[in-house]
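Inspection log for the structure reproduced underneath, given as structure tokens.
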Amino acid sequence: MLAPGLARLIDDRPADGVFRVSRTMFDDPAIFDLEMKRIFEGGWVFLGLASQAPEPHDFFTTTVGRVPVLVSRDGDGRLAAFVNSCPHRGAMIAQTMCGNAKLHVCAYHSWSFDSAGRNKGVKWQEAGCYTPAFEGERKDLARLPAFGEHKGFLFGSLVADVPPLADWLGEAAKLLDLVAEQSEDGMELVPGAVIFTFAGNWKLQLENCSDAYHFTSAHPSYIRLLEQRKEKPDPSTIGSVWADDPAWSEAAEGIQGGSYSFPYGHVLNWGRMDVSPALPLYERAEELAERVGIERRAWMFSMRNLTIFPNLQVAENASSQLRVIRPLGPGRTEMRTWCLAPRGESAAARRQRIRQYEDFFNPSGMATPDDTVSYENCQRGFASRVEPWLLGHARGLGASKAGGNALSASIGLAPERSVIGGSQLCDETLFHSYYREWARRMAGALPA
Amino acid sequence: MTLTHAEAEVLLTREAMLLDRGDWDEWLALYAEDAIFWMPAWRDELNPTEDPDSELSLIYYKGRRNLEDRVWRARSGLSVASAPRPRVVHQVTNVLVEDGHRVAASFSTHLFDKRAERTHTFFGRYDYALVRTAEDGAWKIAMKKITLLNDTIPTVVDFYSV
């Protein structure tokens with residue numbers, strides 16, 4: 001099946017004040033196949049955190065596009081990423097989510113590999129009547145051609161032709177730093193991974209994380225509950241920073257939030273929040289002011305939803321979540337989610353963080369299901385081609401400007417574009433960054 | 001007074017029926033004021049999380065008020081995920097009374113979500129701690145732990161689905 005041309009998928013005409021995306025983007029199998037090859041298997045993606053394999057010989061497994069990947073720390077403490085597939089017949093070598101192994105032995109024919117991916121044995125090699133040609137073959141696990149770390153965030157690529165990691169992250173790396181530097185000792189995942197699926201395209205998740213417009217429409221039950229908890233306080237319930245947050249209040253005035261867009265499709269959606277005891281980070285407020293300064297501390301306490309295109313999202317609002325997007329099909333997506341926390345926080349702060357997380361972020365909580373069910377409603381609606389263009393990428397077009405603003409400058413952040421405004425502006429132009437990067441990656445693969 | 005097998009079976013069956021029928025006020029009345037309602041997450045393939053204060057759970061509440069909040073939300077008309085709610089049937093088996101007031105059981109639930117045209121089964125284990133109330137001598141739920149064995153969640157899991 002041939003994918004439709006780019007001009008029928010993204011209508012990007014800045015001079016006319018138009019940016020439209022077609023429904024076809026979300027449910028066409030030919031497009032999904034190209035996305036796997038060009039985006040997920042054709043460039044940098046997030047793999048996991050270095051803290052998921054802290055000790056020598058620790059490993060964890062993940063996927064890059066459709067490819068199983070093993071991230072392993074060798075005996076000298078060096079991390080590397082490998083295709084998790086035996087060079088002999090292709091069987092997946094490591095079969096568990098995580099573990100510790102000096103030697104990985106293939107369960108199918110017992111070829112073995114050390115924690116640095118080096119072949120340590122071909123069973124019965126001498127008796128195998130191999131030819132000299134075979135003796136000369138590389139028998140190690142295939143390394144990912146590109147692999148890198150930024151402050152504990154690990155990235156890899158199945159192709160070598162990618163920009164250096166620092167260039168690809170660019171200014172958006174400073175937003176990862178706002179996460180990683182909340183503790184001097186870095187960050188960690190709270191034990192317990194929560195995995196869920198939804199019957200919708202992966203780009204619905206990409207957009208929703210950056211979408212301030214849906215909050216009061218999709219989550220009124222959560223907002224009303226927070227109000228009720230304030231009206232009838234009970235020590236058994238957990239408070240939330242949203243309960244005091246002006247960003248969604250009709251009465252809020254002045255600058256409440258906005259967005260920053262960066263090259264390569266990375267974006268931030270942010271809302272102003274106070275240095276508030278409703279956040280577990282509050283116990284570090286003084287220490288942070290000294291260590292990172294008042295301006296960076298203000299950003300650490302503000303609501304920030306960050307996407308590192310295409311598969312990493314860090315949401316810091318009701319609590320702190322690390323999400324990895326794994327597309328399974330044009331209409332099916334898996335989300336792997338964790339509670340992300342600064343190392344060394346007090347037991348009380350950790351408990352508060354976990355309770356706030358479960359309340360808001362879990363598929364068993366009181367907010368995320370209202371998002372994912374809405375994605376599924378969108379996916380059904382995408383079947384229509386009566387009017388293929390969506391009108392969901394136009395808010396803020398009249399407010400988007402090149403470069404940053406005083407708030408980004410306060411932490412030395414230089415975005416490509418920015419929008420700033422009141423609580424009801426709810427910019428949608430940050431999605432453009434996703435789709436422009438998408439178009440760049442598809443160049444040559446789609447008809448004009 | 002220790003808990004009899006028959007009393008345990010009746011209570012667990014009654015809870016399942018109340019959830020399935022949507023009689024959630026009566027369901028809440030089965031719980032003690034300070035009850036724990038806990039569904040752990042999983043650390044890896046075989047180990048559920050054990051310490052809700054330092055590890056993530058799918059759901060962890062201490063205090064019935066939190067369950068009342070969940071019931072309010074499910075009925076509120078303000079949650080697209082909660083309405084129309086799926087049709088659910090709980091099946092509770094292998095009921096075993098342990099230690100005078102603790103009950104272990106297995107469960108499976110079958111759900112049909114008409115909007116999504118999706119049928120799903122959740123299955124796992126229940127561990128209860130029951131307490132006999134002073135007023136009328138009835139057994140109430142002091143703790144319910146739901147160990148969900150198939151924890152790749154298809155979109156939503158709520159208190160009435162497990």
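The values are calculated or read from the model by the stated rules, or taken from the named source; none is laboratory data. As the structure is a prediction and not an experimental result, all values here were calculated from the model. Neighbour counts run over all protein chains shown; Cβ positions are idealised from the backbone, glycine included.
Observations on the model:
- Qualifying residue in region A:148-161 (condition: of a type in the set (S, T, N, Q), more than 12 Å from every other protein chain (Cβ to nearest Cβ) and under 22 Å from A:Ala50 (Cβ atoms)): yes
- Residue in region A:214-230 that is out of contact with any Gly (no Cβ under 7 Å at 6 or more places or on another chain), away from chain B (no Cβ under 14 Å) and either closer than 22 Å to A:Phe361 by Cα or buried (at least 22 other Cβ atoms within 10 Å of the Cβ) (or both) present: no
- B:Ala35 being crowded, with 20+ Cβ neighbours inside 10 Å and at the interface with chain A (Cβ under 7 Å from one of its Cβ atoms): no
- Failed condition for A:Ser408, given (1) among the polar types (S, T, N, Q); (2) under 17 Å from A:His266 (Cβ atoms); (3) in contact with a Lys or Arg (Cβ under 7 Å, 6 or more places away or on another chain): (3)
- Of all the residues in region B:43-72, those that are touching a residue at least 40 places away in the same chain (Cβ under 8 Å) and over 16 Å from the mean Cα position of the chain (by Cα) number 1.
- Number of the exception - A:Asp274 against (1) modelled with pLDDT of 95 or more; (2) more than 30 Å from A:Arg436 (Cβ to Cβ): (1)
- Residue satisfying all of: in region A:66-96; of a type in the set (Val, Ile, Thr) and in a strand (DSSP E or B); farthest from A:Gly42 (Cα to Cα) among these: A:Val71
- Condition met for A:Leu390 (at pLDDT 95 or above, touching a strand residue (DSSP E or B) at 6+ places or on another chain (Cβ under 7 Å), surrounded by fewer than 22 Cβ atoms within 10 Å (Cβ to Cβ) and over 21 Å from A:Val241 (Cβ atoms)): yes
- The one condition in (1) in a loop (DSSP other than H, G, I, E, B); (2) touching a helix residue (DSSP H, G or I) at 6+ places or on another chain (Cβ under 6 Å); (3) over 15 Å from A:Glu171 (Cβ atoms) that A:Ile411 fails to fulfil: (3)
- Considering residues of region A:334-356 that are among the charged types (D, E, K, R) and more than 9 Å from chain B (Cβ to nearest Cβ) only, the residue nearest to A:Ser319 (Cα to Cα): A:Arg353
- Residue match in region A:350-366 (condition: outside any helix (DSSP H, G or I) and in contact with a Gly (Cβ under 7 Å, 6 or more places away or on another chain)): no
- Any hit, region A:25-39, residues being closer than 22 Å to A:Asp185 by Cβ and of a type in the set (Lys, Arg): no
- Those residues of region B:116-156 which are touching a Pro at 6+ places or on another chain (Cβ under 6 Å) and either closer than 23 Å to B:Asn47 by Cβ or of a type in the set (Lys, Arg) (or both), in sequence order: B:Thr147, B:Ile153
- Restricting the first member to region A:361-376 and to residues that are under 17 Å from A:Asn317 (Cβ atoms) and at the interface with chain B (Cβ under 7 Å from one of its Cβ atoms), and the second to residues that are part of a helix (DSSP H, G or I) and among the aromatic types (Phe, Trp, Tyr), the beta-carbon pairs closer than 6 Å and six or more apart or on different chains are A:Met366/A:Tyr222.
- In region B:5-16, the residues that are touching a residue at least 60 places away in the same chain (Cβ under 8 Å) reach residues that are part of a helix (DSSP H, G or I) with C-beta atoms within less than 7 angstrom, at least six apart or across chains, in these pairs: B:Glu15/B:Trp27.
- Within region B:62-81, being closer than 13 Å to A:Arg229 by Cβ and more than 9 Å from chain A (Cβ to nearest Cβ) holds for one residue alone: B:Glu68.
- Restricting region A:393-448 to residues that are more than 26 Å from A:Leu176 (Cβ to Cβ) and touching a Pro at 6+ places or on another chain (Cβ under 8 Å), the residue that is surrounded by the fewest Cβ atoms within 10 Å (Cβ to Cβ): A:Pro447
This table checks each residue for (1) away from chain A (no Cβ under 11 Å); (2) among the aliphatic types (A, V, I, L, M); (3) not in a strand (DSSP E or B).
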{"position": "B:Leu111", "(1), (2), (3)": "yes, yes, no"}
{"position": "B:Thr119", "(1), (2), (3)": "yes, no, no"}
{"position": "B:Arg125", "(1), (2), (3)": "yes, no, no"}
{"position": "B:Asp136", "(1), (2), (3)": "yes, no, yes"}
{"position": "B:Ile141", "(1), (2), (3)": "yes, yes, no"}
{"position": "B:Lys144", "(1), (2), (3)": "yes, no, no"}
{"position": "B:Ile153", "(1), (2), (3)": "no, yes, no"}
{"position": "B:Val156", "(1), (2), (3)": "no, yes, yes"}
{"position": "B:Ser161", "(1), (2), (3)": "no, no, yes"}
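- The residues in region A:11-42 that are in a strand (DSSP E or B) and either without any contact (Cβ under 8 Å) to a residue 40 or more places away in the chain or over 27 Å from A:Thr63 (Cβ atoms) (or both) can be counted, and the count is 7.
- Scanning region A:174-192 for residues that are within 14 Å of chain B (Cβ to nearest Cβ) and either closer than 29 Å to A:Arg395 by Cα or surrounded by 22 or more Cβ atoms within 10 Å (Cβ to Cβ) (or both) gives a single hit, A:Gly192.
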